[in-house]
Amino acid sequence: MEMEEEAIIDKYLSKPYWIIDVLPMQVPANGEGQYFRIEEYVRHSSLMETISRKFLALLLKINCYEAMDLFLAVDGWEHNPAPERLEQCLMAHDSLHVLFASMDSLISISGDDSYMTLYTSDEKVVELLRPLAASVGLFVWQPKA
């Protein structure tokens, strides 16, 4: 990653963040469920494709309202990539960053994670994303410190 690209991404990684997830809230650290076992199962099952398609649907909905810049370590930045290109990246489980400069926000997806991370200091962005996320079966929540 070039210095300029790294600086752009680092600027956002220091902002407050929210999780965009299939779960409606953070799983308690001392919970009695089997979060890690289920997460591992999901990563290696067809459920991961379902989750990736939800991510795609959400990103496309946001892109209807706002311009996006897609960053892949191998290719650099792409402005308003074709929907098929975004789908290809998500289905390949590439790690990527999606910048919505007009909203001063960044969404990061790390390969085979079953959640996305939204970096923004603007609560209005979170309020815009909540109903869009809900419409595709995702939730937006802020982790507890």
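Multiply the residue gap between Phe139 and Arg53 by 0.36 nm, knock off their C-alpha separation, and tell me the result in nm, one decimal place.
29.5 nm
Say each of His93 and Ala73 gets a label point 7 Å from the Cα, pointing the same way as Cα to Cβ; how far apart are those two points in nm?
1.5 nm
Contour minus end-to-end for Leu60 and Ala29, with contour as 0.36 nm per residue of separation and end-to-end as the Cα-Cα distance?
Full-extension gain reported as 7.9 nm.
Rank Phe139, Ala92, Phe71 by how far each Cα sits towards the positive end of the charge dipole of region 70-145 (+1 on Lys, Arg Cβ; -1 on Asp, Glu Cβ) and give me just the farthest.
About the Cα centre, the residue reaching furthest to the positive side is Phe139.
Do the sum for the chain: with -39,500 (n - 2.57) for every DSSP H run of n ≥ 4, divided by all residues, what is the mean residue ellipticity at 222 nm, to the nearest 500 deg cm²/dmol?
Rounded to the nearest 500, it is -13000 deg cm²/dmol.
Any read-out appearing in this document is the output of simple, stated calculations on the displayed coordinates, not a laboratory observation. The model shown is predicted, which means the values in this text are computed figures rather than measured ones. Every residue, glycine among them, receives a Cβ derived from its backbone with ideal geometry; neighbour counts consider all protein chains shown.
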